[in-house]
Amino acid sequence: MDNLELGVHVILEKPLAHTLADGQRLVEVAERGSAKIAVCLQNRYNVPVQAMHRLLSSGELGSVLGGAATVLWHRTADYYLSRPWRGTWEGSGGGLLMNQAIHTVDLLQWLMGDVTAVTGHVSSRALRDVIEVEDTAEFVLEHQGGARSVCYATLANVINAAVTVDIVTERATLNLRRDLAVSYADGRSEVVSERQAQSGGRAYWGLSHEVLIEDF
């Protein structure tokens, strides 16, 4: 907040804030001044996701009919016990939806359009004795323009499976599993591959953080 008021541009890690009121205050401060604010939702900069956005925005695929996404990941009790703030409302502002699945929820909105209505349910299925926030969620999003997407996300899976995002349009189906497979109604198909991280360390984070920061 102080940096924004001083005119310093700010990139925040997700989420924007723990509460709606805090998020609105940040936006109001940014709108009053000259500083820009961004949230680090780096998956928008993945090569296959950029390709999906271009295809959907171009209109060549026709109207978006609907979409679906899954986040089937694994977290242990030790993951939360080692950083107790992660499993509390006060410390993290939420659970699976605020921490892990937030990137996929963001992609559904970015690719399919603003959300006009939400219905869903959250629960703690595997970690209820360890955390007070959710580890599982299922929901339906109604998007501007009439399309609908569904999502199921959980930390109760036995492994960290690939995130999936599937979007059906009038002229093609787009299936994201790290790489993007596009199947056209006329029989054509194509694959758009993700960049390969060359560095060591946490290379599974990919390269899109760097691209996002450069773009900002």
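The values are calculated or read from the model by the stated rules, or taken from the named source; none is laboratory data. Because the structure is a prediction, the values reported are computed rather than measured. Here the Cβ positions follow ideal geometry from the backbone for every residue, glycine too, while neighbour counts run over all protein chains shown. Just so you know, the surface numbers come from the protein's heavy atoms only, side chains and all, with ligands and any DNA or RNA stripped out. Shrake-Rupley method; radii C 1.70, N 1.55, O 1.52, S 1.80 Å.
Kindly indicate whether any position in the range 130-142 is in a helix (DSSP H, G or I) and more than 16 Å from the chain's Cα centre (by Cα). No.
Could you tell me whether any residue of the range 67-78 is surrounded by 13 or more Cβ atoms within 10 Å (Cβ to Cβ) and free of Cβ contacts under 8 Å to residues at least 12 places away in the same chain? Within the range 67-78, not a single residue is surrounded by 13 or more Cβ atoms within 10 Å (Cβ to Cβ) and free of Cβ contacts under 8 Å to residues at least 12 places away in the same chain. The residues of the range 16-52 that are more than 30 Å from residue 170 (Cβ to Cβ), part of a loop (DSSP other than H, G, I, E, B) and open to solvent by 30 Å² or more (accessible area, probe 1.4 Å), listed by number, are 16, 18, 19, 33, 34, 36. Among the residues making up the range 12-35, a single one is in contact (Cβ under 8 Å) with a residue 40 or more places away in the chain, out of contact with any helix residue (DSSP H, G or I) (no Cβ under 7 Å at 6 or more places or on another chain) and not polar (S, T, N, Q): 18. Look at (1) of a type in the set (A, V, I, L, M, F, W, C); (2) within 30 Å of residue 174 (Cα to Cα); (3) open to solvent by 40 Å² or more (accessible area, probe 1.4 Å) and you find that residue 55 fails only one, number (3). Checking 111, 212 one by one, the residue that is surrounded by 14 or more Cβ atoms within 10 Å (Cβ to Cβ) and at pLDDT below 95 is 212 and no other.
Within the range 128-153, the set of residues being under 19 Å from residue 81 (Cα atoms) and open to solvent by 10 Å² or more (accessible area, probe 1.4 Å) comprises 128, 129, 130, 131, 132, 134.
From the list 191, 182, 165, 118, the lone residue that is under 26 Å from residue 207 (Cβ atoms), in a strand (DSSP E or B) and open to solvent by 90 Å² or more (accessible area, probe 1.4 Å) is 191. Among the conditions (1) closer than 20 Å to residue 40 by Cα; (2) open to solvent by less than 10 Å² (accessible area, probe 1.4 Å); (3) modelled with pLDDT of 95 or more, the only one that residue 94 does not satisfy is (3).
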